[in-house]
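Q: Structure provided below as structure tokens; questions to follow.
Read-outs: derived from the displayed coordinates by stated rules, not from any lab. Keep in mind the model is a prediction, meaning the values are calculated, not measured. With ideal geometry, Cβ positions are generated from the backbone for all residues, glycine too; neighbour counts draw on all protein chains shown.
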Amino acid sequence: MYENLEKVSKILREKKLTLGVAESCTGGLLSAALTELPKSSEFFREGLVTYSIDSKNLRLGISKEAIAKYGVISEYVAKAMAEQVRKYLDNDIGIGITGNAGPTVNQVGTPVGLVHIGISTKFFTECHSYNFKGNRIEIRNKAVVEAINILLESLQRL
């Protein structure tokens with residue numbers, strides 16, 4: 001279990017806030033974590049695994065031109081994923097995660113471990129970037145832990 005998951009669940013339910021998630025490198029792990037606890041259906045509306053550029057374009061409406069300009073693993077795309085999963089799916093909060101979990105540097109030179117986590121509310125949209133160390137499984141799990149921590153910090157600001 002993730003350390004702050006129960007706190008996040010409790011706050012979301014108490015504040016009656018809804019959450020949507022768009023994941024790439026974590027492949028649904030954040031959605032799985034958020035639904036581990038009972039009553040998660042009170043806040044968790046939907047999780048999308050938008051792993052490819054096409055899915056980010058078709059499911060989230062992020063233009064291929066913007067992805068080409070900024071890079072699929074970028075702060076821009078992480079924020080856009082968070083904004084779009086919030087707006088398009090009518091959620092109070094959206095989280096977007098994009099990164100390179102490895103095991104190798106990708107075709108555009110993005111280093112292994114670089115992960116961008118976007119969060120969007122009606123009051124703010126921001127991105128947190130990390131250079132995680134470890135193997136693919138460790139990087140993906142670290143990204144989920146940080147996404148939960150970011151969500152908790154953001155909920156405390158609302």
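Q: Looking at (1) surrounded by fewer than 21 Cβ atoms within 10 Å (Cβ to Cβ); (2) small (Gly, Ala, Ser); (3) assigned to a helix (DSSP H, G or I), which is the only condition Gly102 fails?
A: If we test Gly102 against (1) surrounded by fewer than 21 Cβ atoms within 10 Å (Cβ to Cβ); (2) small (Gly, Ala, Ser); (3) assigned to a helix (DSSP H, G or I), just (3) comes out false.
Yes/no matrix, rows are residues, columns are (1) among the hydroxyl-bearing types (Ser, Thr, Tyr); (2) in contact with a helix residue (DSSP H, G or I) (Cβ under 7 Å, 6 or more places away or on another chain); (3) surrounded by fewer than 18 Cβ atoms within 10 Å (Cβ to Cβ); (4) in a strand (DSSP E or B):
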residue	(1), (2), (3), (4)
Lys10	no, no, yes, no
Arg13	no, yes, yes, no
Lys16	no, no, yes, no
Val21	no, yes, no, yes
Ala32	no, no, yes, no
Pro38	no, no, yes, no
Ser41	yes, no, yes, no
Leu48	no, yes, no, yes
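Q: Further question: Take Asn57 and decide whether it is of a type outside the set (Ser, Thr, Tyr), touching a Lys or Arg at 6+ places or on another chain (Cβ under 6 Å), crowded, with 16+ Cβ neighbours inside 10 Å and over 26 Å from Val112 (Cβ atoms).
A: So Asn57 fails the test.
Q: Run down Ile62, Ile67 and say which single residue is of a type outside the set (Gly, Ala, Ser), over 30 Å from Arg13 (Cα atoms) and surrounded by 13 or more Cβ atoms within 10 Å (Cβ to Cβ).
A: Ile67
Q: So which residues in the range 69-116 are within 14 Å of Lys56 (Cβ to Cβ) and among the small types (Gly, Ala, Ser)?
A: Listed by number, the residues that qualify are Gly71, Ser74, Ala78, Ala80, Ala82, Gly94, Gly96, Gly99.
Q: Within the range 36-84, which residues are of a type in the set (Phe, Trp, Tyr) and touching a Leu at 6+ places or on another chain (Cβ under 6 Å)?
A: Phe43, Phe44
Q: So, in the range 1-45, exactly how many residues are at positive phi and in contact (Cβ under 8 Å) with a residue 40 or more places away in the chain?
A: Qualifying residue count, the range 1-45: 1.
Q: Determine whether the range 105-113 contains at least one residue that is aliphatic (A, V, I, L, M) and crowded, with 21+ Cβ neighbours inside 10 Å.
A: Checked against the condition, which is being aliphatic (A, V, I, L, M) and crowded, with 21+ Cβ neighbours inside 10 Å, the range 105-113 yields no hits at all.
Q: Working carefully through the options Arg86, Arg45, find the one that is charged (D, E, K, R), over 13 Å from the mean Cα position of the chain (by Cα) and under 21 Å from Val145 (Cα atoms).
A: Arg45
Q: Would you point out which residue out of Ile53, Ile62, Ile93 is touching a residue at least 60 places away in the same chain (Cβ under 8 Å) and farther than 18 Å from Ser129 by Cα? First the steps, then the outcome.
A: Details: Ile53 fails: touching a residue at least 60 places away in the same chain (Cβ under 8 Å); Ile62 fails: touching a residue at least 60 places away in the same chain (Cβ under 8 Å).
The match here is Ile93.
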